[in-house]
Amino acid sequence: MGLLTIPPTDVLIQGILSGILMGFVYALIAAGLSLIFGLMEIVNFAHGEFLMLAMYTAFWMYALFALDPLLSVPICALVLFGVGVLVYYGIIGRILEGPMLAQIFATFGLGILLRAAAQFLWTPDFRQVPDAWVAGPVRLLGISLGLPLVVASLASLAAFAALSWFITRTETGVALEATAQDRQAAALMGINTDRMFALGWGIGGACVGVAGAFLTTFFYVFPDVGSTFGLLAYVAVALGGFGSIPGALVAGVIIGLIEVLAGLLIAPAFKYVAVFLLYLVVVLVRPQGLLGKF
Amino acid sequence: MNRRMRGRGMLAALAVLVALVVPDVASAQAPEVVIGVLYPMTGPVAQIGIDARNAINVALDIINNRHDLGLPLAVEAGLPRLGGAKIRVVVVDHQGKPDIGQAEAERLITQEKVHALFGAYFSSVTNTASQVAERMGVPFLNADSSSPALTERGFKWFFRTSPHDRHFSVVMFDFLKDLEQRKKVKFKTVAILNENTAFGSDSAKVQEEFAKKYGYEVVARLPFKTGSPSLDAEIGRLKAANPDVLLPSIYTSDAMLFTRAAKNLDYNPKMILAQDAGYTDPKFVAEMGREAEGAVTRAPFAMDLATRKPLIPVVNDMFRRQSGGRDLSDVPARVFTGFLVLADAINRAGSTAPAAIEQALRQTNMPAEQLIMPWTAVRFDETGQNTGVSAILMQLRGGTYYTVYPFELAAQEVLYPIPTWSERK
């Protein structure tokens with residue numbers, strides 16, 4: 001325990017690269033969560049299940065219509081946008097003024113409902129897309145990386161850039177940020193905060209939709225798949241700072257890196273020990289997270 | 001208390017007493033035998049639970065109805081020495097969690113009043129559930145958990161029909177030595193990759209012990225949490241250590257993730273010698289069989305043994321009807337066998353009293369002709385372990401498993417080394 005073993009350079013570089021790449025994917029998943037929290041201070045405990053729904057959407061597009069997951073990306077984004085909006089109008093909108101406990105239990109319960117429904121409808125069997133367009137290794141200077149991971153992370157980066165552009169450069173996006181900063185002031189300025197909230201949930205869902213579609217190219221899909229990624233997403237949001245989108249990016253990459261490095265240098269069993277240890281340290285030293293505003 | 005209250009109190013006490021006594025009298029004359037069955041019916045290995053239940057349904061059909069087969073209890077309907085009593089099962093889902101297994105075992109015994117327990121696939125769950133059975137003096141028959149520790153606890157009420165990982169490891173390491181001679185190669189190093197519950201941990205422990213005994217160096221020991229989203233770090237370590245033989249003890253989800261990740265990261269082990277579990281799950285074979293070309297696994301059962309055992313196709317047909325077209329595989333074959341052994345013992349006991357069943361189990365001596373497993377017999381030693389067990393090794397070729405060891409039983413020659421990813425396609 002605690003003994004560092006330095007692997008050969010090419011393995012180390014491969015690890016660092018794949019950690020960063022995976023971090024971009026974690027970041028995109030976390031971005032949606034962070035957006036929703038920034039808007040209305042609600043943690044979407046069903047966020048992992050949103051991801052699960054996105055992955056199932058991509059899978060069924062493949063199984064029923066032979067659509068490669070890459071082609072399903074816009075479909076998943078749209079579907080999850082719809083899911084986000086539906087959840088907002090159907091559930092969240094009604095409990096916004098309620099006690100925090102009610103808000104927590106609402107999304108938590110939704111998560112459990114979604115998971116059970118998925119299991120009932122689609123069985124607990126694992127699903128895979130066996131011959132996605134992106135498959136196999138990509139070799140660069142003697143380093144081999146998974147092509148699906150490379151594509152997924154580049155897409156996540158692109159989605160992040162799009163999200164940032166949207167928030168800072170478009171009128172709707174600026175209105176969204178304004179609502180996040182000060183709900184009442186935004187309302188006073190004539191912004192329809194209810195619609196902003198719904199939009200926030202929709203975009204949060206769409207982020208996860210994109211991530212989910214790409215994850216289906218190299219992950220198995222099953223009703224519980226949301227929990228593994230969901231947990232890391234919560235850590236990324238808390239580490240990066242609740243409500244901070246750039247924070248989610250930084251934190252996602254950090255988590256991806258720490259996960260792989262701890263695994264390579266110490267022992268794979270310590271992967272998450274290191275991640276959560278770092279999180280604890282940051283929370284104690286800087287509770288608002290690395291880039292958080294609260 | 002005045003007299004009226006006392007009168008009412010005594011009436012109430014009398015009513016309670018009657019309520020307590022009458023059901024006991026009724027249950028003592030129960031015309032059926034109830035067995036509590038614990039399996040993971042939901043969760044990542046839910047398909048195993050479904051397979052197990054279908055196998056039990058086949059066994060129940062054979063026991064409770066008339067069949068002209070050379071299997072125990074087939075010919076008559078029900079258990080003859082219990083007046084034709086039929087067997088009923090209460091199936092519970094432990095979701096792969098030891099605490100749920102424990103709670104359900106207690107509930108089955110105290111509320112469902114089962115006469116015996118059967119299950120539970122995950123060694124970790126079998127561990128806790130059988131502790132309950134031991135404490136309450138109820139027989140527990142296990143057909144499918146392979147941690148050796150389960151029969152090393154000095155339990156009186158625990159019986160296991162299937163081989164455990166010590167048996168399997170002997171076969172696996174003997175295979176390595178025999179393969180060295182056959183292919184004129186020399187293995188020097190092994191790496192152990194295991195999930196970290198009872199199954200994987202105990203398997204890894206045994207394999208480390210055997211590696212030392214057989215003279216192999218363990219260059220990497222990699223426990224991980226089953227269901228992890230990423231095995232990249234583990235594969236990185238494996239690439240760095242570059243063992244001659246990889247020994248995985250992992251469940252289905254991990255096996256699928258590992259195979260994919262190995263392809264993406266271009267990890268090319270020359271020999272994979274797996275401890276069953278994920279590698280023999282039909283789900284894994286269906287989805288990743290072609291990618292896992294060349295993987296060798298120990299198995300207690302293989303369908304291509306049907307040529308030597310005429311009972312196998314018959315039972316397989318019944319299983320296909322129950323399961324909607326799935327063939328028998330490792331777990332349902334063992335479950336079917338174990339359940340028949342338990343039913344046979346209850347029949348020989350001629351009673352549902354726990355002590356009688358336990359005695360009858362101890363005296364079990366089922367011969368090979370009545371088994372679909374390639375075992376010499378079912379006979380339990382003092383620890384409750386079946387001593388008639390044997391194992392085979394099979395290898396994935398073109399998406400199907402073929403028996404490759406012992407070489408005399410082999411259907412195909414061993415493919416060594418496993419072709420690299422760039423050599424395939």
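The values are calculated or read from the model by the stated rules, or taken from the named source; none is laboratory data. Keep in mind that what you see is a predicted model, and the values were worked out from it rather than measured. No Cβ is skipped: glycine too gets one built from the backbone with ideal geometry, and neighbour counts run over all protein chains shown.
Quick notes on this structure:
- Selection from the range B:270-287 of residues that are within 14 Å of chain A (Cβ to nearest Cβ) and outside any helix (DSSP H, G or I): B:Asp281
- Of all residues in the range B:33-48, those being in a helix (DSSP H, G or I) and among the polar types (S, T, N, Q) number 1.
- Only listed residue being under 26 Å from A:Leu86 (Cα atoms), more than 20 Å from the chain's Cα centre (by Cα) and not acidic (Asp, Glu), chosen from A:Ala135, A:Ala178: A:Ala178
- If the condition is being touching a residue at least 40 places away in the same chain (Cβ under 8 Å), over 18 Å from B:Leu328 (Cβ atoms) and part of a loop (DSSP other than H, G, I, E, B), then the range B:365-385 contributes B:Thr383, B:Gly384.
- Annotation: B:Thr226 fulfils all but one of (1) hydroxyl-bearing (Ser, Thr, Tyr); (2) more than 14 Å from chain A (Cβ to nearest Cβ); (3) in contact with a strand residue (DSSP E or B) (Cβ under 6 Å, 6 or more places away or on another chain); the unmet one is (2).
- Candidate set from the range B:229-255 (those that are outside any helix (DSSP H, G or I) and of a type in the set (Ser, Thr, Tyr)); member that is nearest to the other protein chains (Cβ to nearest Cβ): B:Ser230
- Taking every residue in the range A:186-199 that is closer than 18 Å to A:Asn44 by Cβ and charged (D, E, K, R) and pairing it with any residue that is at pLDDT below 90 and assigned to a helix (DSSP H, G or I), at least 6 positions away or on another chain, the pairs with Cβ-Cβ distances below 8 Å are A:Asp194/A:Gly93.
- Residue identified as of a type in the set (A, V, I, L, M, F, W, C) and under 30 Å from A:Asp131 (Cβ atoms) among A:Ile36, A:Ile6, A:Ile29: A:Ile29
- Test: residue in the range A:230-251 that is among the small types (Gly, Ala, Ser) and touching a Cys at 6+ places or on another chain (Cβ under 6 Å): no
- Within the range B:288-325, considering residues that are over 22 Å from B:Pro72 (Cβ atoms) and acidic (Asp, Glu), the one farthest from the other protein chains (Cβ to nearest Cβ): B:Asp304
- Taken over the range A:161-188, residues that are crowded, with 21+ Cβ neighbours inside 10 Å and hydrophobic (A, V, I, L, M, F, W, C) amount to 3.
- Of B:Phe339, B:Phe301, all but one fail to be surrounded by 19 or more Cβ atoms within 10 Å (Cβ to Cβ), under 21 Å from the mean Cα position of the chain (by Cα) and in a loop (DSSP other than H, G, I, E, B); the exception is B:Phe301.
- Any hit, the range A:53-67, residues being in a helix (DSSP H, G or I), without any contact (Cβ under 8 Å) to a residue 60 or more places away in the chain and crowded, with 19+ Cβ neighbours inside 10 Å: yes
So that you can scan it fast, the table gives a plain yes or no per residue for (1) modelled with pLDDT of 95 or more; (2) more than 26 Å from the chain's Cα centre (by Cα):
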| site | (1), (2) |
| --- | --- |
| B:Pro223 | no, no |
| B:Asp244 | yes, yes |
| B:Pro248 | yes, no |
| B:Ile272 | yes, no |
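- Pair list, Cβ under 6 Å, 6 or more apart: the range A:2-31 residue more than 29 Å from A:Ala161 (Cβ to Cβ) and more than 10 Å from every other protein chain (Cβ to nearest Cβ), other residue of a type outside the set (Phe, Trp, Tyr) and buried (at least 17 other Cβ atoms within 10 Å of the Cβ): A:Leu4/A:Leu265
- For the condition in contact with a Pro (Cβ under 8 Å, 6 or more places away or on another chain) and of a type in the set (Phe, Trp, Tyr), B:Phe301 qualifies.
- Of all the residues in the range A:84-105, those that are among the small types (Gly, Ala, Ser) and farther than 21 Å from A:Gly209 by Cα number 3.
- Residue within the range B:256-269 that is in contact with a Pro (Cβ under 9 Å, 6 or more places away or on another chain), outside any loop (DSSP other than H, G, I, E, B) and more than 14 Å from every other protein chain (Cβ to nearest Cβ) present: no
- When we screen A:Thr228, A:Thr217 for residues that are among the polar types (S, T, N, Q), at pLDDT below 90 and crowded, with 22+ Cβ neighbours inside 10 Å, the only hit is A:Thr217.
- Positions within the range A:105-162 being in contact (Cβ under 8 Å) with a residue 24 or more places away in the chain, away from chain B (no Cβ under 14 Å), among the aromatic types (Phe, Trp, Tyr) and assigned to a helix (DSSP H, G or I), in sequence order: A:Phe108, A:Phe160
- Some residue of the range A:63-86 being within 14 Å of chain B (Cβ to nearest Cβ), within 22 Å of the chain's Cα centre (by Cα) and among the hydrophobic types (A, V, I, L, M, F, W, C): no
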